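Just below is one structure, and these are the notes that go with it.
The values are calculated or read from the model by the stated rules, or taken from the named source; none is laboratory data. This one's a predicted model, so the numbers in the text were calculated from it and none came from an experiment. Note: ideal-geometry Cβ built from the backbone for every residue, glycine included; neighbour counts use all protein chains shown. Just the protein is used for accessible areas: all its heavy atoms, side chains included, with ligands, DNA and RNA removed. Shrake-Rupley method; radii C 1.70, N 1.55, O 1.52, S 1.80 Å.
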Amino acid sequence: MKLEVVTVGTELLLGYTVDTNAIDIGKTLAAAGIEIVRRQSVADRPEAVAAAVKDALERTGAVLTTGGLGPTKDDLTKNAVARLMGRKLLLDETVLKHLEERFRKFKRPMPALNRSQAEVPEGATVLRNPRGTAPGLWIEDEQQRFVVMLPGVPHEMRGLLVEEVLPRLLARARDLGAVGVVRSRTVRTTGLAESAVAERVQHLEVGFAPLTLAYLPGTPGVDLRLTAWGLPADEADRRLTEGVSALTAALDTRCYGEETTDLAAVVLDLLRSRKERVAVAESCTGGLLGGRLTAIPGSSDCFVGGVIAYADAVKTAELGVPREILDTFGAVSEETVRSMAEGATKRFDVACSMAITGIAGPGGGTPEKPVGTVWLAARCGSVTQAIGRLMVGDREEIRARSAQAALDLLRGLLTTR
């Protein structure tokens, strides 16, 4: 079964709001074997909404919209779709009663504007929304083409999607004889550029058919997503398992997990299995590395703390970095980061540590050490490993990539010990 999605809201086009609804719809429908063939966002203008829905109906005959169902003047989806399909808006007493009860429950008077949310296109099915004031709507035409309208508030949209829309879509798909599923598996990599990942796995792509392989680069690394389209469930699972095994074998140590695995959690598991503890020493990341670790539940059994040594004086006083090292090699150097890692293990009496020092920008770079120059170190027992990197991106990306690289460095050291 194929469907198109139209998200309504000028704020989406201006970039003030991230379209999380489209993400949730895509994941939910794909898991149920419903393929989204096109997705677009349009402004809060009736002609834009009507044109997008009209085109989608002509192409696919199945459209799901989010947003534009509120009580204010910029909430125009329902009106635009009703006019497009030649339907009048009629007051639905059941919806009105629900609205009035909701406002009474919260001990607030119902503004007159909200009464418009009880107006429903002629012949539409009301999808009751217990989480908000705007009901969802399902409307069909004589050709059995349909438009599903859902509110834009994310938790309201998700509830209606799962409880009201998905069962109807699945029933319709069964009527059409659809038996396949759309399923994906994701392999996570770090430490390699997209082109380098492609070099290692491109010879596998022909053998993946009919599965498709997508490269998804991001700050932590490159994710590889294998997707099975319209296959029987058991065949999809078998092919995906085989594909993931082939990818992980080709990527070897650059692969650190699947789906939403966090590299910090992987490192903590390795430490936990060895009954070892870790501390951090951070300069340019300013606590980001420690934050990555403490974001993982249960990290307190491995992570003890750290020092944010932004100033050279703190590197010396708190981590014991010799003044002569700083004067001779500078704060951003292999010698300094090694000394920071060693100082952290002594200061916190732990076996393992990670250290980062660098130039995150936008200023502070020199021809010898440009913005993005970062030195990282990981220490386990008496072994310290340090690497220098030139990170790309803006200040936040450089800091995020540095924290990820430090975690990966310690992961490698723990794995090979």
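Numerical summary
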{"read-out": "The range 261-284 - residue that is in a loop (DSSP other than H, G, I, E, B) and without any contact (Cβ under 8 Å) to a residue 60 or more places away in the chain and, of those, least open to solvent (accessible area, probe 1.4 Å)", "value": "262"}
{"read-out": "In the range 60-91, residue nearest to residue 119 (Cα to Cα) [restricted to those that are among the basic types (Lys, Arg) and in contact with an Asp or Glu (Cβ under 7 Å, 6 or more places away or on another chain)]", "value": "88"}
{"read-out": "Residues located in the range 370-390, provided they are surrounded by fewer than 16 Cβ atoms within 10 Å (Cβ to Cβ) and under 11 Å from residue 414 (Cα atoms)", "value": "381, 383"}
{"read-out": "Residues of the range 347-364 classified as closer than 14 Å to residue 334 by Cα and part of a loop (DSSP other than H, G, I, E, B), total", "value": "1"}
{"read-out": "Residue that is least open to solvent (accessible area, probe 1.4 Å), among those in the range 292-316 that are closer than 20 Å to residue 396 by Cβ and assigned to a helix (DSSP H, G or I)", "value": "293"}
{"read-out": "Residue 289 open to solvent by less than 60 Å² (accessible area, probe 1.4 Å), in contact with a Cys (Cβ under 9 Å, 6 or more places away or on another chain) and either modelled with pLDDT of 95 or more or charged (D, E, K, R) (or both)", "value": "no"}
{"read-out": "Search result, residues across the range 222-255 that are of a type in the set (Val, Ile, Thr) and loosely packed, with under 14 Cβ neighbours inside 10 Å", "value": "241, 253"}
{"read-out": "Residue tally, condition in contact (Cβ under 8 Å) with a residue 60 or more places away in the chain, open to solvent by 20 Å² or more (accessible area, probe 1.4 Å), closer than 25 Å to residue 9 by Cα and more than 18 Å from the chain's Cα centre (by Cα), over the range 149-196", "value": "3"}
{"read-out": "Any hit, the range 74-94, residues being in contact (Cβ under 8 Å) with a residue 60 or more places away in the chain, in contact with a helix residue (DSSP H, G or I) (Cβ under 9 Å, 6 or more places away or on another chain) and on the phi > 0 side of the Ramachandran plot", "value": "no"}
{"read-out": "Scan of the range 17-47 for residues that are over 15 Å from residue 147 (Cβ atoms) and over 22 Å from the mean Cα position of the chain (by Cα), ordered by number", "value": "43, 44, 45, 47"}
